[in-house]
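Here is the structure we will look at, set down as structure tokens.
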Amino acid sequence: MEGREIRGRFLSFFQERGHTVVPSSSLVPADPSLLLTNAGMVQFKPYFLGEQAPPYPRATTAQKSFRTTDIDLVGLTDRHLTFFEMLGNFSFGDYFKEGAVDLAWELITEGFGLDAERLWATVYETDDEAAEIWATKLPRERIVRRGKKDNFWSMGVAGPCGPCSEIYVDRGPEHGREGGPEVDEDRYLEIWNLVFMQNECDANIEVAGDLPKKNIDTGMGLERMALVLQGAGSSFETDLMRPILETAEEVSGQRYGKEPGTDVSLRILAEHGRATTFLIADGVLPSNEGRGYVLRRMLRRMVSHARRLGVDRQVTAPLVERTVELLGDAYPELVDRKAFVLQVAAAEEEHFGATLRQGLVRFKEEAARVREGGGSTFPGEAAFLLHDTYGFARELTEELAREQGLEVDAEGFERLMEEQRERARAAARGVADRRALVEAAREGGPTEFLGYERLEAEAAIRALIAGERAVGSATEGQAVEILLDRTPFYAEGGGQIGDAGTIRTDSGVLEVEDTVPGPGGATVHRARVRAGEVRAGQPAEAAVDADRRAATARSHTGTHVVHWTLRTLLGEHARQAGSLVAPGRLRFDFNHFEALSRDLLEEIEGTANARLAEDAPVRAYETTFEFARSQGAIALFEETYGDMVRVVEIGGYSTELCGGTHVARTGEVALAVLVSEASIGAGLRRIEALVGPDALRWVHAERRLLEDVAEALGAGDPQQVPDRARRAVARIKELEGELQAIRRRERGARVEELAAGARDVAGVALVVADLPGEDTGALRELALQLRGRLEGRRHGAAVLGSADGGRATLVASCTKDLVDRGVTAPLLLEVAARDVGGRAGGKPHLAIGGGGKPAGLPRALAGVPDRLAALLEGSR
Ligand code: SER
């Protein structure tokens, strides 16, 4: 049974039994406490928690899921995956344990035709009810009770949770030991997890209470089910992954199943190729934090393993192509965004190629160091650095080390890796760890947003959080986070910065510095008490800083118009990759392959301003996602959209899904100027623009700058500036040339003069001179020229010195015949350098020395003839 058929049969089985088929949600979850969507239930979390009424009592999905827990194990085994498809059925307060088990049993045994003799079930240790239900289908010896670790499911962060019951398939004696899942999880493979979702967990994954209703959440790993039904040895050999593995074979010219080390790399290419395609298609871009970092690490690991297999050409492109071909039917967004995915992956690959080359240099240095010291162990720290900074896969370092006869300190490396994993886990918990905030937000529920219509509103203070604690009151000077029941403050989102303003109560005033989205739809106002005292529960007047908001609204409308202009003038590919909408200022990142010429920038500016001048109305309305899409609304896919979306439409030409705040008519933006354009990675460009009065201020500043330059150049009219400046530069060049010629002549005369003053020491012409004020460069130049000059007399040496402030500098040169006799410049300078309190070094024919005792210079120079005589004596 092909993967697509398993998926289809699962969904239609549940659809026929009253479940609504709901599309997969994005891998980027709406839930801020999660890094990536890790289960089918994630999009339904508000229904389980009772925060929102479910629009249907039963649902079924094939959900794109991603788990980072075992990311380092991918490739090393034939089992672990990061990305997988989870098939699930859900009941929101509808059927419960019995219904879930009956449905699962019917689908598995009848729908998929699995032999009941091969099935096992596990239940939570105290769940007699579930055990009894299973006993109507299975003999009791194949019903196993297990503890919290195995049979109590939670999201890993605060949220809904509950006891679960898992279904296992016995793959037969050739896959391991007899005795059920407790004994061997390779032979007994878990295929389906039924969660009896009835509890709520806190951030420490302790049960904190009951959910309002009893629900069902199940998850079946599609790849695993395919493995079972196709009798494949591993997920990699199912029709869902085998073709991608084959592409990895083609790209690398290696065969799977020949050599264990090669298999690791091939599996990584296939698995990561598939997973990264899905991540990028859902709007994740490589970066150094959060999910962007997960993506970057995976792309780099792929490239690193490809290099290890000896591949020199691009590897990401063919893997992306194959993934889209294979899974584009089930996930059409892959097809829509293929060009973008290819571009992002190729840019990272190219960028990383350079890093890899630098890492190789580091590796060689380190390996040489170890070998010179007579060692045979390549240090764990160095291997970790190569991994962490240069993205070297561990296997790559091991292989390179082996070629040099070294072994990597695996233990040291592993220890550092573990430390890093712990840091990553801590970071992933980041949001959930803000327990006080999470709990207060949960208790209060979502904050009502009033800020589209008004800037001031009466509200009640629901909670005050100071650091890690909820507090009853806060006094002057204290920094707090405030939750209100309703607010006119816009919380940062969609690139637009959060509002600032004030919140007043009878007893005190708060200055709001920033507003950000909090857990569970709550709005968090970050504030400081400016005067008096404020208390939780007090009524308050919330007032947004109107000027700042107006300047931000101008930027936001300006951003949409610029976006429209870019797509119109550059093409559809110029889609938004990120933006910042701040008061009077905007930054816009988009996909494009080359720098924008000056002409093009002017054209963009001209077109955008012409549009603004039309003074078209800006209209916002709520509608269904489907309707918005049918209107051609541009969805920025790094965001997740619920069923209802907000559309911002400008003058019938620009339609975007957007939750931000805008001006009423484009004329309010008045003016937009582009102030910079730059590359921010291959295929990605960033422009920055100013709007309204901020744009005008910039124009004024530029004009002043030009006037100042004109004045400095003595040009009466700024029009003359370019010509004047060009002439001035040409004149400077000319004068520099003349100056150099004069210096050359002078130096020649100087060399002649110094050479004429040479004395004879045992047949060698020796020049010794104190040249106050000359720097090292000048002394070196003179010493070299003297050497050339003295070469004609066959035997010659020069020692020049100068003292300047706290330092003396010495330079010596020797002609070739002296060097051949073993009389070298460093030897000649050795004693003199000591006299000035330092040391000398350099090449045999030219040495430089110096020290911190300038007073010793006369003595140092005076001693040179004797030193030379002694060296000559010794060389005989
Ligand atoms: N949420 C459960 C799991 O992920 C069942 O879907 O295993």
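The values are calculated or read from the model by the stated rules, or taken from the named source; none is laboratory data. Predicted model only: the values in this text are computed from it and were never measured. Note that each Cβ is placed from the backbone with ideal geometry, even for glycine, and that neighbours are counted across all protein chains shown.
Things to note:
- Tally, over segment 54-76, of residues that are charged (D, E, K, R) and either in contact with a Ser or Thr (Cβ under 6 Å, 6 or more places away or on another chain) or more than 16 Å from the ligand (Cβ to nearest atom) (or both): 3
- Within segment 188-213, the set of residues being over 26 Å from ILE108 (Cβ atoms), within 16 Å of the ligand (Cβ to nearest atom) and in contact (Cβ under 8 Å) with a residue 60 or more places away in the chain comprises GLU200, LEU211.
- Residue identified as more than 27 Å from MET1 (Cα to Cα) and either modelled with pLDDT of 95 or more or touching a strand residue (DSSP E or B) at 6+ places or on another chain (Cβ under 7 Å) (or both) among MET241, MET197, MET220, MET225: MET197
- Annotation for segment 214-233: at least one member residue is buried (at least 24 other Cβ atoms within 10 Å of the Cβ), more than 36 Å from the chain's Cα centre (by Cα), farther than 28 Å from GLY328 by Cβ and within 15 Å of the ligand (Cβ to nearest atom).
- Within segment 276-296, at least one residue is of a type in the set (Asp, Glu), under 16 Å from the mean Cα position of the chain (by Cα) and farther than 21 Å from VAL74 by Cα.
- Candidate set: segment 168-187, residues that are surrounded by 12 or more Cβ atoms within 10 Å (Cβ to Cβ) and on the phi > 0 side of the Ramachandran plot; chosen: the one farthest from the ligand (Cβ to nearest atom): GLY176
- Filter result (assigned to a loop (DSSP other than H, G, I, E, B) and either away from the ligand (no atom under 14 Å from the Cβ) or within 19 Å of MET220 (Cβ to Cβ) (or both)) within segment 36-53: THR37, ASN38, ALA39, GLY50, GLU51, GLN52, ALA53
- Out of GLU348, GLU321, GLU365, GLU381, sole residue that is over 24 Å from SER26 (Cα atoms), touching a helix residue (DSSP H, G or I) at 6+ places or on another chain (Cβ under 8 Å) and not in a loop (DSSP other than H, G, I, E, B): GLU381
- Of the criteria (1) closer than 20 Å to PRO446 by Cβ; (2) in contact (Cβ under 8 Å) with a residue 60 or more places away in the chain; (3) in contact with an Asp or Glu (Cβ under 6 Å, 6 or more places away or on another chain), which one THR515 fails: (2)
- Scanning segment 469-493 for residues that are within 35 Å of the chain's Cα centre (by Cα), at pLDDT below 95 and not in a strand (DSSP E or B) yields GLN478, ALA491, GLU492.
- The one condition in (1) away from the ligand (no atom under 15 Å from the Cβ); (2) more than 22 Å from PHE236 (Cα to Cα) that VAL22 fails to fulfil: (1)
- Checking VAL764, VAL768 one by one, the residue that is in contact (Cβ under 8 Å) with a residue 60 or more places away in the chain, of a type in the set (A, V, I, L, M, F, W, C) and in contact with a His (Cβ under 7 Å, 6 or more places away or on another chain) is VAL764 and no other.
- Residue selected from segment 749-805 under the condition outside any helix (DSSP H, G or I) and of a type in the set (D, E, K, R), by the criterion modelled with the lowest pLDDT: ARG793
- Failed condition for GLY737, given (1) loosely packed, with under 12 Cβ neighbours inside 10 Å; (2) at pLDDT 90 or above; (3) within 30 Å of the chain's Cα centre (by Cα): (3)
- Selection from segment 12-24 of residues that are in contact with a helix residue (DSSP H, G or I) (Cβ under 7 Å, 6 or more places away or on another chain) and either crowded, with 21+ Cβ neighbours inside 10 Å or farther than 17 Å from LEU222 by Cβ (or both): ARG17
Residue-by-condition table, conditions (1) surrounded by fewer than 24 Cβ atoms within 10 Å (Cβ to Cβ); (2) at pLDDT 90 or above; (3) in contact with a Lys or Arg (Cβ under 9 Å, 6 or more places away or on another chain):
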residue	(1), (2), (3)
GLY273	no, yes, yes
THR276	no, yes, no
ASN288	yes, no, yes
GLY292	yes, no, no
ARG297	yes, no, no
ARG308	yes, no, no
VAL311	yes, no, no
THR316	no, yes, no
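- Lone unmet requirement of (1) out of contact with any strand residue (DSSP E or B) (no Cβ under 6 Å at 6 or more places or on another chain); (2) part of a strand (DSSP E or B) for ALA689: (1)
- When segment 696-743 is filtered for residues that are charged (D, E, K, R) and not in a helix (DSSP H, G or I), only ASP717 remains.
- Only one of the numbered conditions (1) out of contact with any Cys (no Cβ under 8 Å at 6 or more places or on another chain); (2) among the hydroxyl-bearing types (Ser, Thr, Tyr); (3) surrounded by 21 or more Cβ atoms within 10 Å (Cβ to Cβ) is violated by TYR124, and that is (1).
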